[in-house]
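Input: a single structure, listed below in structure tokens.
The values are calculated or read from the model by the stated rules, or taken from the named source; none is laboratory data. The structure presented is a predicted model; accordingly, all values stated were derived computationally and were not measured. Backbone-built Cβ (ideal geometry, glycine too); neighbour counts: all protein chains shown. Just the protein is used for accessible areas: all its heavy atoms, side chains included, with ligands, DNA and RNA removed. Shrake-Rupley method; radii C 1.70, N 1.55, O 1.52, S 1.80 Å.
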Amino acid sequence: MLLNLTQSDLDRPVYRILSIERLVDLFTTGENVLVSPSKWEDTFENFILKSKVKLASGKIVDYNMHNSVFGQCWTLHKASDAMWRIYSPNKNGVRVKSTIRNLLQSIYKAHEPHSEARCCIGKVAYLNTKELTSRANNTFDESGISLDKLFQSLLLKRLSFEHEKEVRLLFQSWSPNLIPDGVYKYKVDPHEIVSEIMIDPRMSYNEFQIVKRTVYSQTEFKGPIRRSLMYKLPRNLVVSAASDFSL
């Protein structure tokens with residue numbers, strides 16, 4: 001299922017910054033990890049599903065759906081100083097590249113034959129408080145909540161997070177109580193998901209070479225491993241003055 005995306009978006013690249021340890025875990029265990037939204041840092045995350053619902057009859061109910069969904073956050077940002085600083089605070093993270101298609105196919109494969117009914121990838125919508133409240137009020141009805149609206153409720157964030165340009169891989173479990181610690185894992189071939197690895201641009205060149213060798217040896221990754229040159233000045237940089245001047 002695609003939400004806030006179209007078929008033409010399937011081959012758009014998406015990116016995720018993570019620690020080297022988590023990258024190695026992905027390749028050595030062959031497991032992709034989704035977590036409960038309750039573990040996401042923003043206190044407004046999952047606020048709709050955590051809320052009690054007042055029905056038209058006046059009755060207050062708790063549908064208790066917030067523990068049944070798990071997600072993983074990616075971004076459409078190819079290069080972002082803010083994302084490196086937020087998700088690689090110790091200047092030693094890596095950025096993996098994938099596509100919307102490859103992520104969706106990975107979770108479909110792991111959950112056939114009912115995968116399409118329980119899996120989703122969607123682009124986050126960033127809304128002001130009034131818009132968020134309106135969406136919240138239209139999420140539930142007398143019969144509860146549809147799967148489509150369940151996923152849509154997790155694709156809403158406040159405008160202050162708009163810089164993240166987030167895309168989320170989501171999965172709904174029929175047996176959430178059997179999933180320990182709010183962490184859901186499914187089997188994948190990491191080589192089918194990850195097409196490129198980029199090293200934190202704040203690493204020195206020597207550090208990068210060490211990390212590159214380590215990652216190749218521990219993951220047997222077959223694609224390119226590069227160091228981001230976000231902060232590298234252009235070679236032979238010469239600027240033009242508006243007029244002649246003397247010092």
Report whether or not Ile225 is at pLDDT 90 or above and over 30 Å from Glu112 (Cβ atoms).
yes
Considering residues of segment 112-146 that are within 24 Å of Val188 (Cα to Cα) and at pLDDT below 80 only, the residue farthest from the chain's Cα centre (by Cα):
Pro113
Over segment 7-32, the set of residues more than 16 Å from Ile121 (Cβ to Cβ), open to solvent by 20 Å² or more (accessible area, probe 1.4 Å), at pLDDT 95 or above and not in a helix (DSSP H, G or I) is Glu31
Whether any residue in segment 110-117 is of a type outside the set (Gly, Ala, Ser), over 15 Å from Lys165 (Cα atoms) and in contact with a helix residue (DSSP H, G or I) (Cβ under 9 Å, 6 or more places away or on another chain) is what I want to check.
yes
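Taking strands (runs of 3 or more DSSP E) that fall entirely within segment 182-231, which contain at least 1 residues that are in contact with a Ser or Thr (Cβ under 7 Å, 6 or more places away or on another chain) and either open to solvent by less than 50 Å² (accessible area, probe 1.4 Å) or of a type in the set (A, V, I, L, M, F, W, C) (or both)? First the steps, then the outcome.
Details: elements: 183-187, 196-199, 225-227.
Qualifying strands (runs of 3 or more DSSP E): 183-187, 196-199.
Within segment 75-105, track down each residue that is within 16 Å of Asp11 (Cβ to Cβ) and modelled with pLDDT of 85 or more. Quick ask: steps written out before the conclusion?
The first filter runs over segment 75-105 and keeps only residues within 16 Å of Asp11 (Cβ to Cβ), leaving 76, 78, 97-105.
Listed by number, the residues that qualify are Leu76, Lys97, Ser98, Thr99, Ile100, Arg101, Asn102, Leu103, Leu104, Gln105.
Go through the residues of segment 232-243 one by one and say whether even a single one is within 26 Å of Pro89 (Cβ to Cβ), open to solvent by 100 Å² or more (accessible area, probe 1.4 Å), modelled with pLDDT under 90 and out of contact with any Asp or Glu (no Cβ under 7 Å at 6 or more places or on another chain). Quick ask: steps written out before the conclusion?
Of all residues in segment 232-243, those within 26 Å of Pro89 (Cβ to Cβ) come to 232-233.
Subsequent filtering for residues that are open to solvent by 100 Å² or more (accessible area, probe 1.4 Å) retains 232-233.
Filter once more, keeping what is modelled with pLDDT under 90: 232-233.
Next cut, out of contact with any Asp or Glu (no Cβ under 7 Å at 6 or more places or on another chain) only: 232-233.
Taking every residue of segment 232-243 in turn, at least one turns out to be within 26 Å of Pro89 (Cβ to Cβ), open to solvent by 100 Å² or more (accessible area, probe 1.4 Å), modelled with pLDDT under 90 and out of contact with any Asp or Glu (no Cβ under 7 Å at 6 or more places or on another chain).
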